[in-house]
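Visitor: Input: one structure, supplied below.
Just so it is clear, none of the values below were taken in a lab; they were calculated from the coordinates. Note that the structure is predicted; figures quoted are calculated from it, not measured. Neighbour counts are summed over all protein chains in view; Cβ atoms, including those assigned to glycine, are modelled from backbone coordinates with ideal geometry.
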Amino acid sequence: MNITRRSLVLGAAAAVPLVSTIRYAGAQTAEFNYKFANNLAVSHPLNIRAQEAVKKIQEETSGRVAIQIFPSSQLGADTDMLSQIRSGGVEFFTLSPLILSTLVKNASISGIGFAFPDYKSVWAAMDGDLGKYVRGEIEKSNLVVLDKIWDNGFRQITSSVGPIEKAADLKGFKIRVPVSPLWTSMFSAFESAPASINFAEVYSALQTKIVDGQENPLAIISTSKLYEVQQFCSMTNHMWDGFWFLANKRAWERMPEDVRGIVAKNINEAGVNQRADVEKLNSTTQEDLAAKGMKINATDPASFRDKLKEKGFYAEWKGKFGDEAWGILEKAVGTSLG
């Protein structure tokens with residue numbers, strides 16, 4: 001099931017009122033006047049840290065570079081923005097590696113179900129050989145990718161029909177997943193009914209019961225107010241997800257090398273700071289969501305991993321990614337995936 005319906009009122013905007021573009025003084029007179037698009041609420045740590053980076057870039061380049069931020073899918077859904085970052089319609093864009101895999105096949109290897117047990121293992125891999133490998137694959141698609149991947153977090157499942165405690169509870173469950181083959185494959189292995197829906201339409205899809213639930217990190221569940229249309233939150237930690245900071249190659253190379261260095265330095269520093277923000281936010285968000293009426297429950301992770309092994313999920317994706325990529329993943333997380 002692939003839902004591509006566009007709405008005049010985007011789902012994300014229903015969750016968070018559409019905010020005006022984040023602008024900075026001197027933007028119109030800058031030598032390089034660029035746009036940065038993303039799908040997150042303006043209150044999400046990604047946009048807060050991006051605003052800080054943009055201000056520093058403008059200051060350190062003496063006003064030569066002005067970047068306007070367009071949060072909350074204002075310029076289009078993720079798949080639209082992926083086309084625009086390639087064409088130059090926008091100059092910067094942050095995107096999950098799993099959605100990026102619709103263009104760069106092996107970008108999604110970091111999202112294999114239950115690969116990472118904790119953040120320590122995530123950053124060792126993504127700042128190490130696994131991240132280096134994926135960036136190399138992205139660059140083959142004529143995009144520029146910054147060195148530090150930003151954090152989205154470990155993903156949890158929310159529902160309007162009841163808690164998800166074990167793999168069997170996902171049988172027949174209508175769940176929204178991002179437009180990515182890996183997500184669809186994983187929830188198909190759980191015998192769910194995955195529906196690929198762009199994030200811009202998630203809130204409305206949940207509100208109108210097109211799907212029973214969705215899965216996202218706690219920070220997004222909170223900042224996008226999904227608790228308004230979901231009653232249950234199950235702590236599955238089924239995959240870790242991040243955001244690669246992408247740039248249009250022509251726009252990037254138009255900037256002189258010293259200017260590119262300033263932009264890269266500040267974006268990478270902001271990304272590292274944002275990681276700490278998200279980890280801290282996720283540690284407190286459970287209580288906040290519970291206070292807003294969500295019922296939070298623990299899960300049995302072994303039942304989910306066993307189901308994926310039983311259905312041949314890991315063997316299938318090892319074959320799709322290839323021995324080189326899978327070997328780099330196993331070097332980072334061990335060989336317990338099966």
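Visitor: Under a point-charge model restricted to the Cβ atoms of Lys and Arg (+1) and Asp and Glu (-1), what is the dipole moment magnitude of the chain relative to its Cα centre, in debye to the nearest 20?
Guide: Details: 38 positive and 37 negative charges, 118 e Å.
Computed charge dipole of the chain: roughly 560 debye.
Visitor: Run the quick spin-label model on residue 140 and residue 235: label points 7 Å from Cα toward the beta carbon, then report their separation in nm to one decimal.
Guide: Distance between label points: 3.9 nm.
Visitor: Given the peptides 202-210, 304-312, arrange them by the average over their residues of other C-beta atoms within 10 Å, most packed first. Present the calculation step by step, with values, prior to reporting the outcome.
Guide: Values: 202-210: 19.1, 304-312: 17.2.
Highest to lowest by the protection proxy: 202-210, 304-312.
Visitor: What order, most packed first, do the peptides 65-76, 249-260 have when packing is the mean number of other Cβ atoms within 10 Å of each residue?
Guide: Working: 65-76: 22.2, 249-260: 14.5.
Highest mean packing first, the order is 65-76, 249-260.
Visitor: I'd like to compare 89-102, 222-235: which one has the highest average count of other Cβ atoms within 10 Å, and what's the full order after that?
Guide: Values: 89-102: 24.5, 222-235: 20.4.
For the peptides 89-102, 222-235, the packing ranking is 89-102, 222-235.
Visitor: Report, in degrees rounded to the nearest 10, the 0 to 90 angle that the Cα long axis of helix 301-310 makes with the longest principal axis of the chain.
Guide: Roughly 80 degrees between the two axes.
Visitor: Which residue fluctuates most in the GNM of the chain (Cα springs below 10 Å): 291, 125, 37?
Guide: Highest fluctuation among the options: 291.
Visitor: Can I ask one more? If you line up the long axis of helix 323-333 against the longest principal axis of the chain, both from Cα atoms, how many degrees apart are they, to the nearest 10?
Guide: Helix 323-333 sits roughly 80 degrees off the main axis of the chain.
Visitor: A follow-up question, please. With the cut-off at 1.5 for a/c, could you classify the stretch 182-338 from its C-alpha gyration tensor as rounded, prolate or oblate? Write out the running numbers ahead of the final one.
Guide: On the way: a/c = 1.80, a/b = 1.20, b/c = 1.50.
Here the stretch 182-338 falls in the oblate category.
Visitor: Give me a comma-separated list of calculated 3J(HN,Hα) values for the stretch 82-89, in order, Karplus coefficients 6.51, -1.76, 1.60 applied at θ = phi - 60°, integers in Hz, x for any Gly or Pro.
Guide: With coefficients 6.51, -1.76 and 1.60, one gets 4, 5, 6, 5, 6, 7, x, x Hz.
Visitor: Can you give me the distance in nm between label points at residue 287 and residue 31, each placed 7 Å from the Cα along the Cα-to-Cβ direction?
Guide: Distance between label points: 4.9 nm.
Visitor: Taking the chain as a Gaussian network, where each spring joins two C-alpha atoms under 10 Å apart, which residue of 111, 261, 172 fluctuates the most?
Guide: 261
Visitor: Something else: In nm, give the distance between the simple-model label positions of residue 302 and residue 249, each being 7 Å from the Cα along the Cα-to-Cβ direction.
Guide: 4.9 nm
Visitor: Check the straight Cα-Cα distances from residue 209 and name the aspartates and glutamates below 16 Å, setting aside those fewer than 8 residues away within the same chain.
Guide: The qualifying aspartates and glutamates are 201, 228.
Visitor: Checking the a/c ratio against 1.5 first, then a/b against b/c, what shape does the Cα gyration tensor give for the stretch 194-236?
Guide: Details: a/c = 1.39, a/b = 1.34, b/c = 1.04.
Rounded, since a/c falls under 1.5.
Visitor: Return one number: the angle in degrees, 0 to 90 and rounded to the nearest 10, between the long axis of the Cα atoms of helix 257-291 and the longest principal axis of the Cα atoms of the chain.
Guide: 40 degrees
Visitor: State which entries of 56/105; 225/280; 56/148; 148/318; 105/148; 120/320 exceed 29 angstrom in Cα-Cα distance in the structure shown.
Guide: Long pairs (Cα-Cα over 29 Å): 56/105.
Visitor: Amide H to amide H, which residues 5 or more places from residue 34 or on other chains are under 5 Å from it, using H placed in the peptide plane?
Guide: Close amide H contacts, sequence-distant or interchain: 66, 67, 68.
Visitor: Per the helix-only calculation at 222 nm, which mean residue ellipticity applies to the chain, given -39500 (n - 2.57) for every DSSP H run of n ≥ 4 and division by its residues, nearest 500 deg cm²/dmol?
Guide: Details: 14 runs with 146 residues, N = 338.
Taking each H run of at least 4 residues, the total per residue is -13000 deg cm²/dmol.
Visitor: Residue 60 to residue 105: extension gain in nm, 0.36 nm per residue of separation minus the Cα-Cα distance? Don't skip to the answer; put the middle values down first.
Guide: Values: separation 45, 0.36 × 45 = 16.20 nm, distance 3.64 nm.
This chain segment gains 12.6 nm when fully extended.
Visitor: Give me the number: length gained by fully extending residue 147 to residue 257, i.e. 0.36 nm times residue separation minus the C-alpha to C-alpha distance, one decimal in nm. Before the final figure, lay out the partial values.
Guide: Values: separation 110, 0.36 × 110 = 39.60 nm, distance 1.60 nm.
That works out to 38.0 nm of additional length.
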